[in-house]
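Notes follow once the structure below has been shown.
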Amino acid sequence: MRYYSTRSRSNPVSFAGAALTGLAPDGGLFIPGEIPSYPEKVKNSLGTMDYFDVAVETIRPYVHPELPGSVLEDLVHSAYSFAAPLVPVGDRLVLELFHGPTAAFKDFGARFMARAFSYLRRGEDKPLRILVATSGDTGGAVADGFYGVEGIFVTVLYPKGRVTPLQEKQIAALGGNIEALAVEGSFDDCQALVKAAFGNEGLRKRLDLSSANSINVARLIPQAIYYSAAAGKAFAGKTDPDGEATPRVSGAYGTSKSTVACGVKAGSPITFCVPSGNFGNLTAGLYALKMGAPIRGFIAATNSNKTVPDYLESGEYHARVSQATISNAMDVGAPSNFERMAAHWTLEQLRSMIRGVHVSDDDTRKTISAVHGDCGYFLDPHGAVGWRAVDILSAGNVPVTGPLAVLATAHPAKFAETVEPLIGSIPVPASIKTALSRNPQSRTIPAELSALADTL
Ligand SMILES: *Cc1c(COP(=O)(O)O)cnc(C)c1O
């Protein structure tokens with residue numbers, strides 16, 4: 001596969017080139033030259049194939065021929081030791097993306113990316129330096145994914161005081177090849193610092209720099225897997241049993257009081273509601289749709305950082321400063337993957353695939369309480385934004401119809417500070433118990449390139 005910058009169709013690079021440089025030299029993001037289609041045979045059996053086979057078939061065309069088949073299979077097996085169950089909750093489905101080691105969906109991208117980098121860098125003697133800005137969950141997933149990987153150093157930048165104590169432990173307590181920097185500023189400042197470092201010729205000459213944000217294609221592409229697997233399953237009329245970390249009151253399968261009724265129905269393509277911040281997750285969903293997975297469309301659910309819903313409504317794109325909310329992994333006013341969406345598709349095409357909705361903190365809290373009370377299910381604040389977005393659309397002029405899955409992007413125990421005052425204590429999965437027992441160690445820096453450069 002050839003990759004191009006979102007800003008130019010010249011100078012294509014290989015998968016390795018796109019993955020290891022992260023950002024294109026002209027400041028654009030890498031996108032595949034074309035979005036491949038699943039072979040007919042694969043498309044028709046997505047619902048019966050096992051998860052590993054869906055994963056291999058989804059990634060293969062994007063990495064061919066640089067990751068040979070057997071290497072890709074090994075990578076996928078080692079990266080995905082956990083499931084992404086599609087479970088019924090009340091009147092709809094929830095696609096649980098928090099069964100990985102850091103209990104958030106970013107494990108899917110980060111674990112694949114770490115293994116792909118390690119393979120692509122085999123035989124190099126200069127270490128690779130990965131810079132990653134995080135609003136919370138990316139940092140933990142990337143730190144965990146790369147921890148102990150030889151020849152790679154990771155520097156994680158996070159907004160000081162704006163991540164939860166658990167997130168800070170996941171980001172800053174590993175040590176070894178993982179360094180954590182608490183930046184005096186917002187997530188957008190962290191992201192701007194990373195961009196500035198990449199744009200600085202001196203730094204680029206001195207270090208082999210790479211990124212690990214959702215701007216990296218090696219993180220973006222594997223996120224298409226769970227959409228295709230879940231869409232195939234739902235199209236075959238199937239759901240999954242609860243997983244070990246499923247946060248459900250034992251035996252509670254109650255119906256919520258809303259009138260959505262979007263359970264599985266064989267032969268009906270599914271709608272996914274995607275709680276969104278930087279829009280990497282949603283962009284990967286669009287890739288799965290274009291590859292041929294049976295997906296009807298998407299709901300882009302944001303918190304009050306509603307840059308993309310506003311764009312879909314008005315047709316005008318205005319990036320803004322991020323606002324702090326209780327779904328802090330989505331506090332993004334200038335979503336980086338928007339540039340990718342706009343490079344692939346026109347406004348009208350995007351409108352035909354995505355409906356945008358934004359949700360207030362107040363509604364998010366009410367939703368966490370209501371879903372727990374009605375359905376016996378614990379939502380985290382991000383998943384609750386998604387759940388509520390469906391309610392808002394359903395109450396409007398063009399209700400949601402057909403099977404629908406809300407993506408639960410994090411386990412509620414990751415956001416216990418917000419969730420427990422509303423609904424009481426949450427069952428804590430093993431992955432989180434391990435992280436909670438650690439001590440964070442980070443350095444604080446001002447949001448200035450010179451301060452970052454000094455640490456590298
Ligand atoms: C990162 C994150 C999101 C937002 O995903 P994007 O790909 O940035 O849109 C949503 N929920 C959680 C829990 C996250 O960690």
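If a residue has to be more than 16 Å from the ligand (Cβ to nearest atom), at pLDDT 90 or above and buried (at least 19 other Cβ atoms within 10 Å of the Cβ) to count, how many in region 249-288 make the cut?
So the answer is 2.
If a residue must be within 12 Å of the ligand (Cβ to nearest atom) and either within 17 Å of Ala84 (Cα to Cα) or small (Gly, Ala, Ser) (or both), how many such residues does region 414-428 contain?
Residues meeting the conditions: 0.
List, please: which pairs have Cβ atoms under 7 Å, are six or more places apart or on different chains, and start with a residue in region 218-237 that is within 22 Å of Tyr3 (Cα to Cα) and end with one that is open to solvent by 10 Å² or more (accessible area, probe 1.4 Å) and part of a loop (DSSP other than H, G, I, E, B)?
Partner pairs satisfying both residue conditions: Leu220/Ser214.
If you scan region 292-316, which residues turn out to be crowded, with 21+ Cβ neighbours inside 10 Å, hydrophobic (A, V, I, L, M, F, W, C) and outside any loop (DSSP other than H, G, I, E, B)?
Result: Ile295, Phe298, Ile299, Ala300, Ala301, Val308.
Of everything in region 159-173, what is in contact with a helix residue (DSSP H, G or I) (Cβ under 7 Å, 6 or more places away or on another chain) and without any contact (Cβ under 8 Å) to a residue 40 or more places away in the chain? Give them in sequence order.
Passing the criteria: only Pro159.
Of all residues in region 315-338, which are closer than 14 Å to Leu286 by Cα and out of contact with any helix residue (DSSP H, G or I) (no Cβ under 6 Å at 6 or more places or on another chain)?
Listed by number, the list holds a single entry, Phe338.
Go over the candidates Ala395, Ala384, Ala370, Ala408 one by one and state the one that is free of Cβ contacts under 8 Å to residues at least 60 places away in the same chain, surrounded by 19 or more Cβ atoms within 10 Å (Cβ to Cβ) and either more than 16 Å from the ligand (Cβ to nearest atom) or over 19 Å from Leu286 (Cβ atoms) (or both).
That would be Ala384, the only listed residue that is free of Cβ contacts under 8 Å to residues at least 60 places away in the same chain, surrounded by 19 or more Cβ atoms within 10 Å (Cβ to Cβ) and either more than 16 Å from the ligand (Cβ to nearest atom) or over 19 Å from Leu286 (Cβ atoms) (or both).
Which of the helices (runs of 4 or more DSSP H) contained wholly in region 136-232 include at least 3 residues that are over 19 Å from the mean Cα position of the chain (by Cα)?
Here the list reads 165-172, 187-199, 201-206.
Can you find a residue that is in a loop (DSSP other than H, G, I, E, B), open to solvent by less than 20 Å² (accessible area, probe 1.4 Å) and touching a residue at least 12 places away in the same chain (Cβ under 8 Å) anywhere in region 53-66?
No, region 53-66 has no match at all.
I'm checking my understanding of the structure. Among residues of region 102-135 that are assigned to a loop (DSSP other than H, G, I, E, B) and either hydroxyl-bearing (Ser, Thr, Tyr) or within 16 Å of the ligand (Cβ to nearest atom) (or both), which one is modelled with the lowest pLDDT?
Checked region 102-135; the qualifying residue modelled with the lowest pLDDT is Ser135.
Taking into account only those residues within region 139-154 that are more than 14 Å from the ligand (Cβ to nearest atom), surrounded by fewer than 24 Cβ atoms within 10 Å (Cβ to Cβ) and not small (Gly, Ala, Ser), which is modelled with the lowest pLDDT?
The selected residue is Glu150.
Cβ-Cβ distance below 9 Å, separation of 6 or more or different chains: which pairs start in region 415-426 with a residue that is without any contact (Cβ under 8 Å) to a residue 60 or more places away in the chain and end on one that is in a loop (DSSP other than H, G, I, E, B) and surrounded by 18 or more Cβ atoms within 10 Å (Cβ to Cβ)?
What qualifies is Val419/Phe378; Val419/Leu379; Val419/Asp380; Val419/Ile426; Glu420/Ile426; Ile423/Phe378.
The values are calculated or read from the model by the stated rules, or taken from the named source; none is laboratory data. Fair warning: this is a prediction, and the values are worked out from it, not measured in the lab. Note that each Cβ is placed from the backbone with ideal geometry, even for glycine, and that neighbours are counted across all protein chains shown. All accessible areas refer to the heavy atoms of the entire protein, side chains included, with ligands and DNA or RNA removed. Shrake-Rupley method; radii C 1.70, N 1.55, O 1.52, S 1.80 Å.
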